[in-house]
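Enquirer: Okay, handing you the structure first.
Every read-out reported here was derived from the displayed coordinates using simple, explicitly stated rules and does not represent laboratory data. For clarity, every value in this text was computed on a predicted model and none was experimentally measured. Reconstructed Cβ throughout: ideal geometry from the backbone, glycine too, with neighbour counts over all protein chains shown.
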Amino acid sequence: MATRRELPADVAAALDRVPEAGSSFAALPADRQTAWIDWIDRARGRRARAGRIDEMVRRLLPSAAVAEEEVAEPVGPPPERYWWLWLLLLLLLVAGGLLAWYFLSRGDDKAVVPNVIGLREQQAQIRIQDRGLEALSRSAQSDRPTGVVFAEKPGAGTQLGKGQTVTIFVSSGRLAVPDVTALPLADAQQKLQARGFKAEVKRVASTKPKGIVLEQDPAAGVTAVRGTTVTLSVSSGAKPVVVPRVVGQTQGAAVQALTALGLKPVLQNVPSDQPAGTVVGQKPPAGKEVDKGAEVTVNVSTGTGQSTTTTTTTTTTATTTGTTTTAAPVRVPRVVGLAQTPALRQLNVLGLRPTVVYVRSNQPANRVVAQSPKSGTSLRPGARVRVNVSTGPNPQPNAAVPNVVGQDQATAAQTLRDAGFKVAVLNRPTADQSKDGLVVEQQPRATSNIPAGSQVTIFIGRFSG
């Protein structure tokens, strides 16, 4: 038989405050009293304990007893509520499921892409293969040194299946030459050096302001290895002088024509079948633009036999019907790969007549992609050379080229710009003084349909006497 336990002080005090409850508690069997005290002792915290004591007093009051008079056994403490244990168990099951999914998904058939940027190609391949992945190398332009990985796809940290491929992009060490034309020399040099190129300056006469870059070689867009020297043709600020044609003139007339233009004739006597004192060659050739004060070598016949060397592209020959001047053949230069203006300038200086045709190409816009006849072909001065110029991969809609032949340079340039075209100017010698300073030809020709914003080159006549 169970013995009655001594009541805790707080329980005894509560029962003393409510004598009816105290009497009901005293009438309970010893095991029921013990059950009530154990139930109260299991409460967590002072507030929970006080709540359970109040609950015990409420249940032991006579009114509660009347409501429960049909209960066979004496009143006892209410059952414990363990719902929080079920909630905790559910949370544990969910967490366990997530952990199981995580570890199962990280099976042996998975691999994480390593970071190989900055490594040499061979080192990067080894590191990728050590993870159970395949490496595919692709060469591309980059500021990184040759053979160094500068990008990877997919990126580092990506999870792949074993045996899948990671593409690594390896620097070819070749960079695209930036466009520095029309920039001041200091800015052009800084831009080239920032891209890893060197700059070499060549001063040329031009109507452009002093210090402005007129041309560059290699042209913009051409790929070259780091450290390549880019030659910059920079305006000297002095208006260029077009070398006149003096072949066939007497020595005195040639000297007078050259000095009148501010050029310095350098006379050389050479053997020739031409009469003594006749100019049989010159260098630079007629039509070449040079600085004022530049030297022009003039070959003067001694009249003692045929010359064994040729200094210029023109000679004079006599016929039975009179004296005529016949130009010697010239070799067509290679202009493929050049920008349009340098290409046309080379042909123009040699006395050849370029015909510009714009063609669709993936090459950068304004670059020569083909020529006909091919380089090395011998042609008479004045012969036509077809030059195919790239419109670029995304040309603008076509527009008709206006006719500016016969206009002065300023008017022609403004007319073309108003029509939405860029303008390049080249000089061409003319024996017709009325055409001096006027447009004698334009390329592409008038009414040609070319992409808006393309370049139209105008050839300005320069009277050479």
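Enquirer: From the mean inverse distance of alpha carbon pairs (Kirkwood) and the Cα radius of gyration, derive Rg over Rh for the range 102-220.
Expert: My calculation puts Rg/Rh at 1.28.
Enquirer: Grab the beta carbon distance between Lys210 and Trp101, set R0 = 60 Å, and tell me the FRET efficiency rounded to 0.05. If you can, show how the numbers build up before the last one.
Expert: On the way: r = 74 Å, r/R0 = 1.23.
Here the calculated transfer efficiency is 0.20.
Enquirer: Of the peptides 411-419, 335-343, how do they stack up when ordered by the mean number of other Cβ atoms within 10 Å, highest first? If you can, show how the numbers build up before the last one.
Expert: Working: 411-419: 16.1, 335-343: 20.4.
Most protected by this proxy first, the peptides run 335-343, 411-419.
Enquirer: Of Lys191/Lys283; Lys292/Lys374; Lys210/Lys422, which sit over 24 Å apart, Cα to Cα? Let's see the in-between values first.
Expert: Details: Lys191/Lys283 36 Å; Lys292/Lys374 34 Å; Lys210/Lys422 21 Å.
Correct reply: Lys191/Lys283; Lys292/Lys374.
Enquirer: Relative to the compact-globule scaling 2.2 N^0.38 Å, provide the ratio for the alpha-carbon radius of gyration of the range 187-229.
Expert: Numbers: Rg = 11.3 Å, N = 43, 2.2 N^0.38 = 9.2 Å.
Output field value: 1.23.
Enquirer: Using a simple spin-label model with points 7 Å from Cα along the Cα→Cβ vector, what separation in nm is obtained for Thr231 and Asp38?
Expert: Label-label distance for Thr231 and Asp38, simple model: 10.8 nm.
Enquirer: Sequence gap at least 6, Cα distance under 8 Å: using those rules, report the relative contact order of the range 375-465 to the nearest whole percent. Show your work: numbers first, answer last.
Expert: Values: 154 pairs, mean separation 32.4, N = 91.
Relative contact order here is 36 percent.
Enquirer: Oh, and also: Give me the extension gain from Thr250 to Thr181: residue separation times 0.36 nm, minus the current Cα-Cα distance, reported in nm with one decimal.
Expert: Full-extension gain reported as 20.7 nm.
Enquirer: Taking the Cα centre of the chain as origin, work out the dipole magnitude from +1 charges on Lys and Arg Cβ and -1 charges on Asp and Glu Cβ, in debye rounded to 20. List each step's numbers first, then the result.
Expert: On the way: 53 positive and 35 negative charges, 544 e Å.
Here the chain has a charge dipole of around 2620 debye.
Enquirer: Moving to a separate point now. By how many degrees, 0 to 90 and rounded to 10, does the Cα axis of helix 30-41 deviate from the longest principal axis of the chain?
Expert: Between the helix axis and the principal axis of the chain, the angle is about 30 degrees.
Enquirer: Now for a different question. Pull up the cross-link candidates among the lysines for Lys153, meaning alpha carbon to alpha carbon under 19 Å and not fewer than 8 places away within one chain.
Expert: Within the straight-line cut-off, Lys153 pairs with Lys110, Lys162.
Enquirer: Still on this model: State, as an integer percentage, the relative contact order of the chain based on alpha-carbon contacts under 8 Å between residues 6 or more apart.
Expert: Working: 930 pairs, mean separation 34.6, N = 465.
It rounds to 7 percent for the chain.
Enquirer: With a Förster radius of 25 Å, plug the Cβ-Cβ distance of Ala431 and Asp273 into 1/(1 + (r/R0)^6) and report the FRET value to the nearest 0.05. Numbers along the way, then the final one.
Expert: Details: r = 25 Å, r/R0 = 0.99.
Computed FRET efficiency for Ala431 and Asp273: 0.50.
Enquirer: Please give the contour-minus-distance gain from Asp31 to Lys422: 0.36 nm per residue of separation, less the Cα-Cα distance, rounded to one decimal in nm.
Expert: That pair, Asp31 and Lys422, stretches by 129.7 nm at full extension.
Enquirer: How much length would be gained if the chain were fully extended between Leu261 and Gln159, taking 0.36 nm per residue of separation minus their Cα-Cα distance, in nm to one decimal? The partial results should precede the final answer.
Expert: On the way: separation 102, 0.36 × 102 = 36.72 nm, distance 7.58 nm.
Between Leu261 and Gln159, full extension yields 29.1 nm more.
Enquirer: Quick one: if the Förster radius is 45 Å, what FRET efficiency do Lys283 and Ile126 give, using the C-beta to C-beta distance and rounding to 0.05?
Expert: Numbers: r = 61 Å, r/R0 = 1.36.
After rounding, the FRET efficiency stands at 0.15.
Enquirer: State the three equivalent ellipsoid semi-axes of the chain, derived from the C-alpha gyration tensor as the square roots of 5 times its eigenvalues, in descending order and whole Å. Write out the running numbers ahead of the final one.
Expert: Working: eigenvalues 2245, 124, 79 Å².
They are 106, 25, 20 Å, listed from largest to smallest.
Enquirer: So what's the angle, to the nearest 10 degrees on a 0 to 90 scale, between helix 185-194 and the longest Cα principal axis of the chain?
Expert: So the helix axis and the longest Cα principal axis differ by about 50 degrees.
Enquirer: I've got another one for you. Of all the stretches in the chain, which is the longest one without any exposed loop site, taking GluC sites (Glu not before Pro) in a DSSP loop (any state but H, G, I, E, B) with at most 16 other Cβ atoms within 10 Å?
Expert: Working: sites that count: Glu6, Glu68, Glu69, Glu70, Glu80.
Excluding the exposed sites themselves, the longest stretch runs over 81-465.
Enquirer: What aspartates and glutamates does Lys198 reach when the alpha-carbon gap must be under 18 Å and sequence neighbours fewer than 8 apart in one chain are set aside?
Expert: List returned: Asp143, Asp179, Asp187, Glu215, Asp217.
Enquirer: So, in nm, how far is label Thr411 from label Glu200 when the simple model puts each one 7 Å beyond its Cα toward the Cβ?
Expert: 4.4 nm
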